[in-house]
Amino acid sequence: MKIKLFAATAVLALGLAACGGETPAPETPVAEAPAEAPPPAAEPAPAATASIGETPADPVAFMKTRHENYEDLGKNFKVLLDNSKLGSPDMAAVSAAANKVNDYAKQMGTWFPPGTGPEAGKTEAKANIWTERADFDAKLVNLQTEAGKLVTAAGTDAAAFKGQFGATGGTCKACHDKFREEDKDK
Amino acid sequence: MRLVHWLLVFLIAASWWTAEEGEMQWHYWSGLTIVGLLVFRIYWGFAGPETARFANFIRSPGTVLSYTGKLFKPDYRAAFGHNPLGALSVIAILLALIAQVGLGLFASDTDGLESGPLSPYVSYEFSKDAGNLHEDAWNILLILIGLHIAAIVFYLIVKRINLITPMITGSRKAHAVEGPPSGIAPVPLWRFLIGVALAALVVFLIVWLPTTR
């Protein structure tokens, strides 16, 4: 009886803990950086960063470009997603979009130099990109691998493309889940 | 009718949960099932039994006002079918649900990773806006559902009228209700089956049409 009660309590506690774990963390306040004269960006924790690139002169402009690149990436990905649902995908469009995605994936390592995180302005990039850089980079390598395969698959046939599409999308999502703030982009 | 109501309750909850958890494949199917239920409910609003028909429960503003006045009198008896005020709630929730699934069908996220079945027919920008509206419109739905539940609780506690049990069992004591003692006249089975077929057809077309392109 006692054991049962204990087990029940434990299960309940676990359940609560799990729920607690999923509660979204309170939004980190985002400093609205003025357009000109951005404040000197706080140096990110030096220990973790295998920094790629130097802090740009104008972090806000840099981040805006980064955002636009991601928008364009999303746009190209929608072309792929839409075509993955069609009976006969437009393979020319698929190839063009896959190449675009692959190009962006190759550049992406230079998109997150120090000083372009939430401390510098409005962004969905979370601070842990810079504190857990090794994992970020590993996930980026996964994307690059799968994006490369996507280009090959897109050049093969519709079935190959549909098969590879999910794997490539999965690498995007894996990184977003950990390193991207949810729902600021509206 | 009652089954449709409780299925909607379950599926709306499921849609919320699957969206929160990022289980988009399940969300896709729960949303499509809601589409089917809505098609059936709209059809039933024209072909169903008298209490289900829109023509019988959408009343003039005057009727709604006079009903609201009667509601606070001690000799109030429950209305047969939807009462004139509750009918507004039914219509509001149905419209909000139609808008919600309509947006969801065309929606996609900002990454082009998840999207509704009809997203291939619209641009990235449109689809993304639909996705954001789909998220915002959820709050409207929540408010309407909240009002609906508040009204049920009001009847239960203030008027001592239990509207929940009849919604489960389908019957209530005739003397407490204004209306024919014989209750709701039955509807032939074939009319029900046409509704089911219509709902299934719409869902099938939504899933199947993009694959023909």
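Here are the numbers for the structure shown:
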| item | result |
| --- | --- |
| Mean Cα-pair separation over length for the range A:59-186, i.e. relative contact order, pairs under 8 Å, 6 or more apart, % | 29 |
| Surrounding net charge for A:GLY148, when Lys and Arg each add one and Asp and Glu each subtract one, Cβ distance under 12 Å | 0 |
| Modelled FRET efficiency - R0 51 Å, B:GLU20 with B:ARG77, Cβ distances, 0.05 increments | 0.75 |
| Stretchable slack from B:LEU65 to B:THR211, in nm (0.36 nm times residue separation minus alpha-carbon distance) | 47.5 nm |
| Relative contact order (%) - the range B:34-212, alpha-carbon pairs under 8 angstrom, separation at least six | 30 |
| For the range B:1-77 versus the range B:113-157, the gap between their alpha-carbon centres in whole angstrom | 14 |
| At least 30 Å along the helix axis (C-alpha) and Kyte average at least 0.5, DSSP helices within chain B | B:24-47, B:84-106, B:124-157 |
| ³J(HN,Hα), Karplus 6.51/-1.76/1.60, whole Hz, each residue of the range A:99-105, x for Gly, Pro | 5, 4, 4, 4, 4, 4, 4 |
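A short reminder: the numbers here are calculations on the coordinates, not readings from a lab. Keep in mind the model is a prediction, meaning the values are calculated, not measured. All Cβ positions, even for glycine, are placed from backbone atoms using ideal geometry, and neighbour counts span all protein chains on display.
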